[in-house]
Amino acid sequence: MKIIRDLNLNTNTEAREQQRRFVNERFQRSNTNIDRSIKSSATDLTELITNFSDIYTSIEQSKNRVQNVRERLRECKNLLLLKRQDIRKLWSLTSEQNALVKIYQNIDELKHVPIRLQFYLNKHLYIHASLLLLKAKEHQELRLINALSDIDIQLKDERVSLEHQLRLELINQLFEKPCRDILGNKNVSSSTNSTSTTNKNDHNYLSRIRENRLLRKQLDQDFESGKLLFESHSLAIIPDKYMLVDIRQQTPDLYFDVLLQSLSILSRLNETLDYLQKQLHEQFHRIVLRTTQHIVDNNFVLHSSNSHQNLMVNNPDCLRDLLETCYEQFKLVVKNIEYLLNVLKLIQEHQAPIQIRQQEYIGIQTAENQRNVKSEQRPSIPIPIQFEIPYLFSIELVWETLQQVLSEVLNEYIEYNNALDTSSPNSSLTSSSTDYSNRHSVVDFSQYLTKKAPPRSQQISRLFEFSQSAQFNSMTSYLQEQNRFAIKQETPTAAIATAYKQYVCKPNYRNITAVHDILQRIIEDIDASVQLHSTKRILDRKLTEFIRDRFIGRVIKDIRESAQLSSSSTTADQNRLAELVPVVLQKQLQLPIPILQSTYSIFKSCEELCALVKCLPPYADDFCQAIIDLLFKHRESSNKLFLSIVERNDSPGTSIYSNEWVKDLDINRHLRTMPAFDAFIRMAKQQHSTNNDNQDDNADNIRFRQTKETETLLINFSQNEMNLDDICTNYKHIKLLANIHESLDWLYCKLSYYFDILDKCLNDTKYLDALTQTTVTSGYTSRSLKQNHHQYDQLKLSRVNLEIFSNAMKTTLTLSYDILLVLFLEIRLHCFYHLSLLFRNASHYSSVIDTDPDENIMTLNRDLTRLQETLHSSLNEKKFSFLFQGLGFVLATILIRSAPRFVRISESGVTKMCRNIFAIEQTLTQIRTVGDAELMRAHRFYELLYATKPDEIIAVIEEHGPEYTEQDYIHLLQLKHRSFPASESGNFDLSKYEQIIKKALHPNATIQNKIVNGQTNAKH
C-alpha cells in the first residue's frame, strides 16, 4: 500500500521508474525463495497427506458404530415408556386404596366426635372440646359425603353452642361470680351457716379430687385402647393443669386461661372481646341491680325481725352500703379484666401455656423425624394450631365505664336532673315525708306504686265497701311494700334495658351528704389505681359539678325557704316573725322562756349548714357564707320588726324616746358604759362568779353607780316634756321586744359554740367531730356524720369568712343589747312620764283634803305591774332583775329632785305624798320580792316637811348625818319656806338656814376657811 501511495503521489517519471524496478527486483527475489522452500519440504508434505487419509478412514468407521448405538437406545426408550405406564397404574390404585382407608378411619372417628364433645362439655373441658372441633373442621372433604351431613350440621351447631357458652361463662366469671361471692359474704344469714358451708366445701373439694383422678385414668385408658388417635396430637399439647373436672370451681385465673385459649382456638376471641366491651356498661348496671335487691332484702329481713313491720325505713346508709358494695365488686371485676388483658398479651406474644406446649411438642416431633430419616416408619409432624391473635383494649375503658355507671347511680339517688327545679312545693327542706307519688323523679314510677282499676261509667253506692276494710289496708300496705321505689323501665333505642326497679332509699338531692365521703374514697382509690386523663375522671367531675353548680344553690335556697326569710314589711310577715315556738318544742329545747319561731328556724338552718360543713368539708366556705347571709338577713328582718314597734305611726322616721336615745351613736355608747349595763355584761360573761361580784360590791359602790346612772337618765328625761306617744304603751309590743331580745341572745349563744369549733378547725380539723350531730338527709342518723374523718383534711375554710361570721354574730348581739337597752330605758321612761303627770298638777298639794295615793301614782303602779307580768314571762331571771334593778333609786331620785316643782305643800299634802311613795314601794316590793330602801329614803325626805321649824331639819342632819345632797336640802328648805303662811314667812331667814345647811354638810370646809382667814389676819 505504501508503494502504491508513493507511486500515486510521486509525479516524477524517473522516480516512478526507479521505484518500479525496485519492486520487481524484490518480487523476483521472493519468488526464488519460495521455490527453494517447496523443493526442500516435498517429502514432509507427502507424509502428511498419507496420515490425513488414515484419520479420515477412522472417523468414518466411528460414525457407523455411533449410529448403531443410537438405534439400540431408541429401542430401550420405548421399552421403558411401557414399563412406566404400568407402574403409574399400580401407584394410582395404591393411593386410592390408602385414601379410602383414611376416609374410613376419619368417618369412624367423626361418628364418635359428638359423643366425645358432649363428654368434654359435661366435664367443662373446654380446651379439649375446642381442639376436638378444630380437628373435625380439618376434614372439609367429608362434607361431600351424604351420610355425614347430619354429623356435619350437628358439629356446626355444637361449635356455635360452645362459642356462646364460652362467652357466657366469661361474662359470668368476670361479673356475676364476684357479685355472688361478695354478696354472699354480706348476707344476713351467712354467719349462721358458716360452719355448715365450710364442711360442705371441704366435702366438695375431696369429691373433685377423686373425680379428677378418675378423669385422668379414663383418658389414659382411652388413649391406650386407640380411641383417642384422632386427637392424639391435640391432647399432647394440653397441660395437665387443665385436665380438671368442673374447672369453674378452681381459681379464677386458671378458668380465665381455659376460656380465653378456647376462644382463641375457635377464632372467636376478638368477637368475644367486642361483645365484652359492649356489655361492660350493662353488666355494671346488673351488678348495681343485684346489689340493690340484696340490700333491700337484707334490710327487710332485719327490720321485720326487729319490729315485725313490713315497711322499710328510708335510711341513707343503705345508699352508702350500695355504693361501697358495688365499688367492691367493680374493683374485683377490674382485677379480673386486668388478668384477662395479661392473658391476651401472652396469646398475642405466643407465650400462652398451650402455645408454649405446642412449640415444644412440634420441636420434639421434628427432631425425632430427623433421627428416623432412614427408617421406613417415621412419626408424622402435626399441623400447628393457629391461635387467633387478639387485639388489646385499654383498662382505662373499664375504669371510665365504671365511673359512668356510678355517676348514673348517683344521678338517680340525688335527682341530678331535678336538682335545679326548686319551683315545686315538694322541694323544701323537710325531707322526712313519705309521699313518693308527688316527688319529681328522673323516671316516672308512679304507675308501679298502685294498680289502677279500670274506669267505670257510673259510681254505684255500696253498703259495704272493701276499701274501708282492714284487709284492704293490709293488702295495700303489702302492695306498696312490694312496689316500693319501683320506676318505669325506659326502652329507648339507644338505652340499655337495665332501668332500676327498686331503690334502697328515697331519691333526694340531700343524699349527697350521706355518700360524699364514700365517693371521695372511691375517687381517691381510682386515682391511686390508674392514671386517667382529666377528661376521663367522670365521677369526680360529676360529683364536683353537682355539688358546686346544683346542690349548694339548691340546698341554700331550700334552707332559706325553710327559714322563711322575707324582705317585705307587710303585716302578715310581721305577724309571722312574731310567732313563738310551740310549748312542746320549748320543753324539748329546755328553754325557761319562749323564743321566736323565726329565730329557731334560722338556728336550725345554720345548724344544718354546719352539718353540711362537716359532711362536705371542701365546700365549707360556701356554707359559711350561707350562714353569714342567713344571719345578716335575720338581723335585718328582726331589726325591721323592732322598728315597726318603736317607730311612731303618725310621724315616720321618728320613734319613741327610748329608741331615739339608743340609735344615737353617742348616747348609745354612753348608755353602754352605764354602771348597770356594764355590771350586767360582766355578769353575763362571768356567770360562775356572779355571786362573788355582788358580795364584793359594798353599799357605797352600789350607791355611786346608781347615782351616776340616775343622773344621766334625769338629764335626758328633763330635756323635753313627755307625751303618751313618747313611750310604748302596748304591752304586747313590750313582750315582743323581750322575745326578740331573748331570741337573738339565744341565737348568739348557740352559734358561738359552732363558731368556736370552726375557729379551732383552722388549726386542727379533728374538731369537726364536735361540730354537730344533726342529720341533714331524711331525719335518720347517718353514719356519714361518724365515718368521714379521712376527708376532714380537705376542709377549705378561710379566716376571712370566719371573721365575717363573727361580725354577723356581733351585729346580732348588738341588736339584742340595743333592744335590752330600749326595755331598760322604757321602764324608767314610764316612771318618769307618770311622775311628771303627778308634778304637773302639784298645786293642789297646798290645800289637799284627800290623803289617799294620787291617781297618777296608782296608774304608775298598774303600769309597773303590767310591765312586770309581761317581762317576767318573756325574759330570764337575770335580765328581768337587770331591768328592774335600781328602779327604786330612780323613782326616789325623781321624787326628791322634783320637790322644787311644788309651789307649796301643806301637811296633808305631805301625808299624801308619803302615801304615794309607800304605794310605789309596795308595788316594787311585789315586783322584786324585797323592800326598797331608796324609796324609804324619799319617804324620809318628805317626812322632813312635817318639821314646824327649819331648826328641826338641821337637828336631824346633825344627829343622823347628811342623807341627801346639799341641793336637795336647799330645795327642801325652799319648799318649806314657800309652804309657811304669809304671817310666818317673814320670820324665816332662808339664806341663813342655807348657810347653816352648808356648814352642817361641810364642817371640814368651814374649819379650813377659818384657818385660812386667821392666817390672813395675822399677816396683816
Problem - Alpha-carbon gyration tensor eigenvalues x 5, square-rooted, for the range 823-952, Å - result: 28, 15, 12
Completion exercise
Carbon plus sulfur, as percent of the 1.4 Å-probe accessible area of the range 2-123, comes to 56
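Using a 1.4 Å probe, what is the accessible area per residue for the range 511-626, in Å²?
40
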Practice task
Pull up all non-local amide H partners of Leu580: gap of 5 or more, or a different chain, and H-to-H distance under 5 Å with H placed in the peptide plane.
Solution key: Gln597
Exercise for the section: Over the range 814-858, give the accessible area per residue in Å² for a 1.4 Å probe, as an integer. Expected result: 31
Exercise for the section: Convert each backbone phi in the range 50-61 into a coupling constant with the Karplus relation 6.51 cos²θ - 1.76 cosθ + 1.60 (shift: θ = phi - 60°), then list the ³J(HN,Hα) values in order as whole Hz, x for Gly and Pro. Expected result: 5, 5, 4, 5, 5, 5, 4, 5, 5, 5, 4, 5
Completion exercise
Interchain or sequence-distant (5+) residues whose placed amide H lies within less than 5 Å of the amide H of Ser655 are Arg648
Problem - Listed pairs Lys506/Lys760; Lys557/Lys879; Lys506/Lys542; Lys331/Lys766; Lys137/Lys177 exceeding 27 Å between Cα atoms - result: Lys506/Lys760; Lys557/Lys879; Lys331/Lys766; Lys137/Lys177
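Going from the alpha-carbon gyration tensor of the range 537-600, what semi-axes, largest first and in whole Å, does one get by taking the root of 5 times each eigenvalue?
On the way: eigenvalues 256, 64, 7 Å².
Each semi-axis is √(5λ); the values are 36, 18, 6 Å.
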Fill in the blank from the handout: By the mean-Cβ-within-10 Å protection proxy, highest first, 282-294, 871-883 rank as 282-294, 871-883
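List the equivalent ellipsoid semi-axes of the range 2-123 in whole Å, largest first, each obtained as the square root of 5λ for an eigenvalue λ of the Cα gyration tensor.
Numbers: eigenvalues 1831, 208, 24 Å².
Working from the Cα gyration tensor, I get semi-axes of 96, 32, 11 Å.
Might you tell me the accessible area per residue for the range 2-123, computed with a 1.4 Å probe and given in Å²?
Details: 11020 Å² over 122 residues.
In whole numbers, the range 2-123 has 90 Å² accessible per residue.
Output the peptides 269-280, 83-94, 625-636, 253-264 sorted from most to least packed, where packing is the average of other Cβ atoms within 10 Å over each peptide's residues. Spell out each step's value before the answer.
Values: 269-280: 16.6, 83-94: 9.6, 625-636: 20.3, 253-264: 22.7.
Going by the mean number of other Cβ atoms within 10 Å, highest first, we get 253-264, 625-636, 269-280, 83-94.
The values are calculated or read from the model by the stated rules, or taken from the named source; none is laboratory data. Just so we're clear, the structure is a prediction, and the values are computed from it rather than from any experiment. Note that each Cβ is placed from the backbone with ideal geometry, even for glycine, and that neighbours are counted across all protein chains shown. For accessibility, only protein heavy atoms count, side chains too; no ligands or nucleic acids. Shrake-Rupley method; radii C 1.70, N 1.55, O 1.52, S 1.80 Å.
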